[in-house]
Structure formats: structure tokens, C-alpha cells
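Take a look at the structure set out below.
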Amino acid sequence: MTRTKGTTGTTGTTGTTPTAETVPTPGGDARITWHHASGAHTVLAVSHGAGGGIEARDLRALAAALPPRGVSVALVEQPWRVAGKKVAPAPKTLDTGWRALWPALERPGLPVVAGGRSA
């Protein structure tokens, strides 16, 4: 597992810089961009849709609004997007990727709520 410090953006009023983590999955490397909350009580893991990425306005809005409220946001970039592909694989492949990400999402020791857009 590789961790890299993000270089752009902040998480609302917390003032923290997002961090990125590369996680190997059976479908290739995925990337989690963490927007950490101080004193977090929950992790919200959300992913992009089939036609976009984690830069979508609604995902960025969650990443800015929730950390000040105690929710760390994990923006999940699916392996096919990390690999530069434009078309999502079959749902079964997407599910395999999510399962492989779960240990990294649970690492903070908090309840995890997962969701996302169309994919």
C-alpha cells in the first residue's frame, strides 16, 4: 500500500490537506483521497459514477462540508479510472474492487457508510 500526501485543496474549515492512498485490488490499483475530520465519529466512503471522477461537484461538496461535522470523507477512485480507462467494467468487477478497499476504509476504527454515484 502506498500513501502520498495530497497537494491541492482543503477540507472546509478543518484546514487539513487531503491525503491520497493507493490500494491494490484484484481489478488494479484504486485510490482513496482522504478528507480527515478532527475527532471523527464516522467515515463516509463515496465513489464516482461511470462517466466521471472524484472531482464531481457533489463529491467535492461532501468532502468540504462533512469533516467539520466529524465525518471523514474517503473519495474512492475506482481502479479503471486510476488506470486511465473511460468505460466502467461489469458490476461484479466493481464489487470486487469495493471489497478489497474495505480494510483501508475500516483502518480508522470508525463506522463506515459507503455509497456513490451511478457506478
As an exercise, identify the GluC sites (Glu not before Pro) in region 23-118 lying in DSSP coil whose Cβ has no more than 16 other Cβ atoms within 10 Å. E55
I'd like the accessible area for L62: 1.4 Å probe, protein heavy atoms, all chains in place, Å² to the nearest 10. 60
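Have a look at the DSSP beta bridges in the chain and tell me what percent are antiparallel, nearest 5. Can you show the working numbers first?
Values: 16 of 27 bridges.
DSSP beta bridges in the chain are roughly 60 percent antiparallel.
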At a threshold of 8 angstrom on Cα-Cα distance, excluding pairs fewer than six apart, so keeping six or more, what relative contact order does the chain reach in percent? 30
For G52, the net charge from surrounding residues (Cβ-Cβ under 14 Å; K, R +1; D, E -1) works out to +3
Compute the long axis of helix 91-106 from its Cα atoms, compare it with the longest principal axis of the Cα atoms of the chain, and write down the angle in degrees, 0 to 90, nearest 10. 30
Cβ under 13 Å from A63's Cβ, A63 left aside: what net charge do those residues give with Lys, Arg +1 and Asp, Glu -1? 0
Tell me, what is a quarter of the convex hull surface for the C-alpha atoms of the chain, in nm² with one decimal? 6.6
Give me the extension gain from A90 to H41: residue separation times 0.36 nm, minus the current Cα-Cα distance, reported in nm with one decimal. 14.3 nm
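The values are calculated or read from the model by the stated rules, or taken from the named source; none is laboratory data. Keep in mind it's a predicted model, so treat the numbers as computed, not measured. Cβ coordinates were reconstructed from backbone atoms using ideal geometry, including for glycine residues, and neighbour counts include every protein chain displayed. Heavy atoms of the whole protein, side chains included, go into the accessibility calculation; ligands, DNA and RNA do not. Shrake-Rupley method; radii C 1.70, N 1.55, O 1.52, S 1.80 Å.
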